[in-house]
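Remarks on the structure that follows.
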Amino acid sequence: MNPRFRRRTGLGAALAAPLAFAACARPPVDPPEHVSEAEIAAAMRTPTELNFWTWVPGIEKQVALFEEAYPDVKVDVVNAAQGAGHYAKIRTALRAGRGAPDVAQVEYQLIPSFSITNHLLDLRPYGAGELEDQFVDWVWAQVTGPGGEVWAIPQDTGPMGMLYRADLFEAHGIEVPETWDAFADAARTLHAADPEAYLTNFPPSQGPYFAGALWQAGADPFGGSEGPDLHVDVTSADAKRVTDYWAGLVAEGVVSTDPDFSDQWYQAANRGKYATWLTAAWGPVFLQSTAASTSGKWRAAPLPQWEPGAQAAGNWGGSTSAVFNQTAHPIQAAVFAQFINTDPECTKAMATEQFLFPPTKALLEDPEFTGLELEFYGGQRVNEVFAQISETVSPDFQWSPFQDQVYADYGATVGTAVAEGADTDAALAAWQDRITEYARLQGFTVVGNEEGS
Amino acid sequence: MSADTAPRAAAAPRTAKGGKGPRYARTGYLFVAPFMVAFTAMFLVPLAYAAWFSLFREQMIGGNVFVGLDNYTRAFTDPRLIQGLGRVGLFFLIQVPLMMALALFFALALDTALLRLSRTIRLAIFMPYAVPSVVAALMWGFLYGPDFGPLAQLAERIGATAPDFLGADLMLGSIANIVTWEFTGYNMILLYAALRAIPTELYEAASVDGAGPWRTAWSIKIPLLRPAIVLCMVFSVIGSFQLFNEPSIMRTLAPNVIVADYTPNLYAYNLAFVGQEYNYAAAVSFVLGFVIMAGSYVFMLATNRRSRS
């Protein structure tokens, strides 16, 4: 089977990727204390070309607005890849010391993986320090470092809520659950009445979703980490409450466990297998285009709560514009990152045309945004629901500097245990062990939970 | 062909003049040079680089450190790698004999020339091999789908429940099915070509001795196919241990069954591109390479010894 040699492609790429030639490397920018307005104005009049890597559709609109405001700066938009491929390419270029973008799309959860290796430009000297008041508190906390550094400018967010099928709820006499206990009862009621239907689906390997669930429950597994000192505590009581809850419902057979965004999942969403989708603020528009046959039947509500009467939510997804310190044009790059994410016209277009859920206070209070009535949700003002949820997201949630690895280990341990409805204590401990082992190999000093690992 | 004849033509006049070996040899080197340059640049240099690379460990904190053979010590005691090797070993033991038996059966059947439409049948069996394995995995993934896949729907029609093809118990079998579907035709063609090369006098001699078609197949064809079968088997050792495309595609359908270390190649890939442990990934790749070399060698040794006894 000679052709099966083709399978070696992955391996070849793995070996070729780290080829780094330090000789050609550009030294990183050492940001000055302060850049004066005169210096910024002069730089913005210098003919410059910026390289911007992003996967956001329609971003050309914001780029055009920027080029209109600063005709001497040209921005070259590159869609290198989406998600993992995007970051892999950036990392390869950064190791090589050249070819990295000046500005790139970076998700909140990946900012620490670039700041720990000292590849991001602190945007404070370029005027980003004064932007704090424009953004929602918890979002700003996501882009700032322990020393007050501003690592990136927020672009969109994903505070989590619940989309539910009003028609199915009504048919089975289910009230919109306000607590997770009520949600569990509703799951039993629905599945007993219709064995083909489930109140919701738990996607067993969707790490970012689970991180959002931990966030809502008040767990902050990597909270307090700074530089080489890494706090790891995924076995806290708050985390156990979440895994026990879902594993319990799966064991009872009243919640399904299909991988999300798979063929199976799309079909199921269209055919009414799931009565709710626990998702983020970007979910409503996404669902509208993927489950078109169910138009008018959905509504949005906040997530059920762990404590009756509480108001808490986590975040899932969203991204920023970050500047890499290998850039030759730090001022122009920093101004660009700020402009596209704070200019009123730019941000309004993002929110109302590209449907990115905004992180700015101004837009979240803008009646034109919150008042938008969506046909798919029976004319409900879905943005208003999520704007209110956004206010309830806790600012205390920190990412690890290797979140991709944390997610991969989650899927293999906790995700699998929940999907099997198994005991999650052992799985959480295994997750803790895997993260700890990896962190030690990466040179971190691990500060674990009390029981140790 | 031209590369083969040219040096001889060039050498002829020189022999007449009494020219000797060295210049002749130099011309020879000149002709293999293009291959050697490409081979060195694309194969030997990356291999040496990877070997050198596997002796380091690049950390987020502390940078690049020389660790000697640490990565190899870790690999040989890494339960995730050993488990993956065990899994592809099991895959080899079950899938390969099945596929080879099928390929041999089809090759012999086609060779009897008794089948009608034999060309069409040959093409049909060979066809899946022309389908890129990524496409094949996607297609089978769709067929295996638990609620809305055609097999599940069909089962539902007749009031049965389809087995969970993508579940932990059946997954390896489901992948084996895809690989068998893809590569039976390829092996069949190799065996069929070898059968065509068997001199017809042997068949005549056999029929003179009163051997029927079954007897001819068993006593003449199969023994003479041995070298071709061994070749197919060695390819299969390599293919099985390097299993990557099929599990990688099926991973999106069953991420909790096909974990990051499901096969050694998938593990190396994930080490490099998810965990950014490039150095360790290089070491794991070398360990996998050694296992495959050792496996192929042991296999050839075993078959040679048996053929001598």
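The values are calculated or read from the model by the stated rules, or taken from the named source; none is laboratory data. Note that the coordinates shown come from a computational prediction; the quantities given were computed from them, not determined experimentally. Ideal geometry is used to build each Cβ from the backbone, glycine not excepted, and the neighbour counts take in all protein chains shown.
Every residue in the stretch A:82-105 that is modelled with pLDDT under 95 and touching a Leu at 6+ places or on another chain (Cβ under 7 Å), please.
A:87
All but one of (1) surrounded by fewer than 21 Cβ atoms within 10 Å (Cβ to Cβ); (2) without any contact (Cβ under 8 Å) to a residue 60 or more places away in the chain hold for residue A:361; which doesn't?
Among (1) surrounded by fewer than 21 Cβ atoms within 10 Å (Cβ to Cβ); (2) without any contact (Cβ under 8 Å) to a residue 60 or more places away in the chain, residue A:361 violates only (2).
Condition first: of a type outside the set (Lys, Arg), buried (at least 24 other Cβ atoms within 10 Å of the Cβ) and at pLDDT 95 or above. Can you find one or more residues in the stretch B:250-259 that meet it?
Checked against the condition, which is being of a type outside the set (Lys, Arg), buried (at least 24 other Cβ atoms within 10 Å of the Cβ) and at pLDDT 95 or above, the stretch B:250-259 yields no hits at all.
Take the residues in the stretch B:60-81 that are more than 29 Å from the chain's Cα centre (by Cα) and buried (at least 16 other Cβ atoms within 10 Å of the Cβ); name whichever of them is farthest from residue B:242 (Cα to Cα).
Ranking the candidates gives B:61 first.
Of the residues B:71, B:64, which is over 30 Å from residue B:169 (Cβ atoms), within 12 Å of chain A (Cβ to nearest Cβ) and in a strand (DSSP E or B)?
B:64
I need the full set of residues from the stretch B:109-136 which are part of a loop (DSSP other than H, G, I, E, B) and farther than 15 Å from residue B:183 by Cβ, in order please.
B:112, B:113, B:114, B:115, B:116, B:117
The rows are residues; the columns are (1) out of contact with any helix residue (DSSP H, G or I) (no Cβ under 6 Å at 6 or more places or on another chain); (2) under 24 Å from residue B:295 (Cα atoms); (3) assigned to a helix (DSSP H, G or I).
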{"site": "B:201", "(1), (2), (3)": "yes, no, yes"}
{"site": "B:207", "(1), (2), (3)": "yes, no, yes"}
{"site": "B:227", "(1), (2), (3)": "yes, yes, yes"}
{"site": "B:236", "(1), (2), (3)": "no, yes, yes"}
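Of all the residues that make up the stretch A:280-310, how many are assigned to a loop (DSSP other than H, G, I, E, B) and closer than 22 Å to residue A:182 by Cβ?
8
For every residue, the table says whether it meets (1) outside the structural domain of residue A:42 (by TED's automatic domain parsing); (2) in contact with a Cys (Cβ under 9 Å, 6 or more places away or on another chain); (3) farther than 23 Å from residue A:350 by Cα; (4) not basic (Lys, Arg).
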| site | (1), (2), (3), (4) |
| --- | --- |
| A:66 | no, yes, no, yes |
| A:70 | no, no, no, yes |
| A:104 | no, no, no, yes |
| A:107 | no, no, no, yes |
| A:113 | no, no, yes, yes |
| A:116 | no, no, yes, yes |
| A:120 | no, no, yes, yes |
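Considering every residue within the stretch B:249-260, establish whether at least one is assigned to a helix (DSSP H, G or I) and within 16 Å of residue B:88 (Cα to Cα).
Yes, that holds for at least one residue.
Quick check on residue A:393: is it over 18 Å from the mean Cα position of the chain (by Cα) and of a type in the set (A, V, I, L, M)?
Spelling it out, it is not the case that residue A:393 is over 18 Å from the mean Cα position of the chain (by Cα) and of a type in the set (A, V, I, L, M).
Would you tally the residues in the stretch B:156-191 being over 18 Å from residue B:253 (Cβ atoms), aliphatic (A, V, I, L, M) and assigned to a helix (DSSP H, G or I)?
Of the residues in that region, 4 qualify.
Which count do you get for residues in the stretch A:231-279 that are assigned to a loop (DSSP other than H, G, I, E, B) and either within 18 Å of residue A:215 (Cα to Cα) or not aromatic (Phe, Trp, Tyr) (or both)?
Counting residues in the stretch A:231-279 that are assigned to a loop (DSSP other than H, G, I, E, B) and either within 18 Å of residue A:215 (Cα to Cα) or not aromatic (Phe, Trp, Tyr) (or both) gives 17.
Quick one: which helices (runs of 4 or more DSSP H) sit completely within the stretch A:314-431 and have at least 3 residues that are under 24 Å from residue A:216 (Cβ atoms) and away from chain B (no Cβ under 14 Å)?
In the stretch A:314-431, the matching helices (runs of 4 or more DSSP H) lie at A:361-364, A:382-390.
Would you tally the residues in the stretch A:173-207 being away from chain B (no Cβ under 13 Å) and either farther than 20 Å from residue A:418 by Cβ or in contact with a strand residue (DSSP E or B) (Cβ under 8 Å, 6 or more places away or on another chain) (or both)?
The number of residues fulfilling the criteria is 17.
What pairs come up if the first residue lies in the stretch A:256-267 and is free of Cβ contacts under 8 Å to residues at least 60 places away in the same chain, the second is among the charged types (D, E, K, R), and their beta carbons are under 9 Å apart, counting only those six or more places apart or on different chains?
What qualifies is A:256/A:273; A:258/A:273; A:258/B:147; A:264/A:258; A:264/B:147; A:267/A:273; A:267/B:147.
Going through the stretch B:38-55 one residue at a time, which ones are of a type outside the set (S, T, N, Q), closer than 25 Å to residue A:91 by Cα and either in a helix (DSSP H, G or I) or at the interface with chain A (Cβ under 10 Å from one of its Cβ atoms) (or both)?
Selection gives B:41, B:42, B:43, B:45, B:46, B:47, B:48, B:49, B:50, B:51, B:52, B:53.
If you scan the stretch B:277-286, which residues turn out to be over 15 Å from residue B:244 (Cβ atoms), buried (at least 22 other Cβ atoms within 10 Å of the Cβ) and more than 7 Å from chain A (Cβ to nearest Cβ)?
Listed by number, the residues that qualify are B:277, B:279, B:280, B:283.
Looking only at the stretch B:132-182, which residues are surrounded by 14 or more Cβ atoms within 10 Å (Cβ to Cβ), among the aliphatic types (A, V, I, L, M) and more than 20 Å from residue A:259 (Cα to Cα)?
Within the stretch B:132-182, B:136, B:155, B:176, B:178, B:179 meet the criteria.
If I ask for residues that are surrounded by 17 or more Cβ atoms within 10 Å (Cβ to Cβ), out of contact with any Phe, Trp or Tyr (no Cβ under 6 Å at 6 or more places or on another chain), aliphatic (A, V, I, L, M) and more than 30 Å from residue B:271 (Cβ to Cβ), which ones from the stretch A:367-409 would you list?
A:374, A:382, A:385, A:387, A:389
Check whether at least one residue in the stretch A:442-453 is assigned to a helix (DSSP H, G or I) and either buried (at least 17 other Cβ atoms within 10 Å of the Cβ) or within 11 Å of chain B (Cβ to nearest Cβ) (or both), and report yes or no.
no
Can we say residue B:226 is of a type outside the set (A, V, I, L, M), more than 8 Å from chain A (Cβ to nearest Cβ), without any contact (Cβ under 8 Å) to a residue 12 or more places away in the chain and surrounded by fewer than 24 Cβ atoms within 10 Å (Cβ to Cβ)?
Criteria not met by residue B:226.
Every residue in the stretch A:58-77 that is small (Gly, Ala, Ser), farther than 10 Å from residue A:339 by Cβ and over 25 Å from the mean Cα position of the chain (by Cα), please.
Listed by number, the list holds a single entry, A:64.
Could you tell me how many of the residues in the stretch A:266-284 are surrounded by 21 or more Cβ atoms within 10 Å (Cβ to Cβ), within 14 Å of chain B (Cβ to nearest Cβ) and not small (Gly, Ala, Ser)?
1
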